[in-house]
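First up is the structure itself, then whatever we jot down about it.
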Amino acid sequence: MIDRRTFNAALLGAAASVGVAQAQQQTTTNQQSLRLIATEEAFTTPEQLAAMSKLGGTGPIKDPDLNSIRNKARALDVESPLTRTTRALLDIGEQRIADMDRAGVAMHVLSLTSPGVQMLDVPTAHEVARVSNDRLAEAVRKYPTRFAGLASFAPQDPAGAVKEIERSIRDLKLHGLVVNSHTNEEYLDLPKYWPILEAAEALDAALYIHPRNPPAAILPFLDMPDAGTQLSSAMWGFQLDTGLHAARLIVSGIFDRFPKLKIVLGHMGEGVPFWLFRMDQRYKMRNAGEGSRTGRKLQRLPSEYFKSNFLITTSGVFWDDSLKFCRDAIGADNIMFAIDYPYEESSQAARFMNAAPLPPAELRKVAYENAERVFHIRRS
Ligand code: MN
């Protein structure tokens, strides 16, 4: 339900949204003008907006009523009082491309905005994922040099999710997958979700684990009544939950089972790169040494999985110190440029990337080469 509050805040509001306004006032002053492929760029569809607005405060819609969602979606397509952020999310065409041009961004790799379809009941989730993937594929076909796309799916029904994943990658030719961390407070390491990971691996489709708010039990500790801000969302909770998701995948042995699976984390790796030494250290003490308590052993150390099976992106973290650390810790082959449009400002992200303190060959990898490789983006 807190996710929904965040989602509605994006719809309704907000002073916090700086993206479009500031970008419009600034001209690009890039000296190097690298080719930039931004890999965590949000969009929405009328169908997602309509379905989310129907969500009750406490859980999924009881009666999916798909016709009413479609009608509401049609109404949203016409004139309605939307915020600037919502308008920016809805546009996967000229308005977005104008923002990209102002900032000097060549491509957006688009993904349905968090929490995707994961809070919806199964039939609604499938419907919204399917229609959103169709709309995404249409935008990519129309602007093949400006847009690529990550497909959404409904993990709450793993078998149906696999079908949509296969359709999206094989038929729609989308470039990868996106999931918004936990689904009904469950994480993808659970065996019931393995078919999703198996399909992603088989299709060589990288899975971007985008944040959402943590499970309800921890929210009271994150949202302090007097703090004047909410730790549950991007300030702390997103990283807490998504970093946990990544750590769970690693220690549960998912990458021994699916060794070619590629996971992408935004926000400079959601804190995980900074923690790899300690994960290895404690793993060696508890699981690999004489005092091993579980008898279960991973084939490799946690940090080794991270370096071979994960990529991170710069979304929302336009900070040289963090980039330099991550480059040293996991290598420039594993880092991709991202903005987090429209929640972050494109020109700030582009200036950061163009001036980043990396050797030119590594700069090119982070700016676009890694994205072309991981998401199978071909230049037309
Ligand atoms: Mn994002």
(request) Quick one, can you get me the convex hull of the C-alpha atoms of region 312-356 expressed as volume per residue in Å³? (result) 56 Å³
(request) Report, please, the projected area of region 240-380 averaged over directions, based on the convex hull of its C-alpha atoms, in nm². (result) 9.5 nm²
(request) Note the full-extension length gain between residue 204 and residue 94 as 0.36 nm times their separation in residues minus their Cα-Cα distance, in nm to one decimal. (result) 36.5 nm
(message) On a straight-distance basis, which lysines could pair with residue 324 in a cross-link, Cα separation under 24 angstrom, same-chain partners fewer than 8 positions away excluded?
(response) 262, 307, 365
(message) Once you compute Rg and the Kirkwood Rh from C-alpha atoms, what is the Rg to Rh ratio for region 199-271?
(response) 1.09
(message) With 23 Å as the cut-off, how large is the P(r) tail for region 163-304, expressed as percent of Cα-Cα pairs?
(response) 43 percent
(request) Pop the C-beta distance of residue 235 and residue 308 into the FRET formula with R0 = 41 Å and round what comes out to the nearest 0.05. (result) 0.85
(request) Starting from the exponent 0.38 and prefactor 2.2 Å, build the expected Rg for region 132-189 from its residue count and divide its actual Cα Rg by it. (result) 1.20
(request) Multiply the residue separation of residue 142 and residue 221 by 0.36 nm, subtract the distance between their alpha-carbon atoms, and state the gained length in nm to one decimal. (result) 23.9 nm
(message) Quick query: amide H of residue 313 versus all other amide H atoms, modeled in the peptide plane; which residues come in under 5 Å with a sequence gap of 5 or more or a different chain?
(response) 265, 266, 267, 268, 269, 336
(message) Could you compute how fast region 245-285 diffuses translationally, taking Rh as the Kirkwood radius over C-alpha pairs and applying Stokes-Einstein at 25 °C with viscosity 0.890 mPa s? Give it in µm² per second.
(response) 219 µm²/s
(message) Need the full-extension length gain, residue 364 to residue 376, defined as separation in residues times 0.36 nm minus the C-alpha distance. One decimal, nm.
(response) 2.7 nm
(message) Please enumerate, by chain and number, the lysines with C-alpha under 20 Å from the C-alpha of residue 54, excluding those fewer than 8 residues away in the same chain.
(response) 62, 72
(message) I'd like the per residue volume of the convex hull spanned by the Cα atoms of region 105-201, given in cubic angstrom.
(response) 91 Å³
(request) Can you work out the accessible area per residue across region 297-364, with the rest of the protein chains kept in place, probe 1.4 Å, in square angstrom? (result) 37 Å²
(message) Using the basic label-point model (7 angstrom from Cα toward the beta carbon), what is the residue 286 to residue 166 distance in nanometres?
(response) 3.8 nm
(request) Starting at the first residue of region 90-95, write each ³J(HN,Hα) from the Karplus equation 6.51 cos²θ - 1.76 cosθ + 1.60 with θ = phi - 60°, in whole Hz, x for Gly and Pro. (result) 6, 8, 10, x, 5, 5
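The values are calculated or read from the model by the stated rules, or taken from the named source; none is laboratory data. Just so it is clear, the model here is predicted, and its values are computed rather than measured. As a convention, Cβ positions derive from the backbone with ideal geometry for all residues, glycine included, and neighbour counts pool all protein chains shown. Surface accessibility is based on the protein's heavy atoms, side chains included, excluding ligands, DNA and RNA. Shrake-Rupley method; radii C 1.70, N 1.55, O 1.52, S 1.80 Å.
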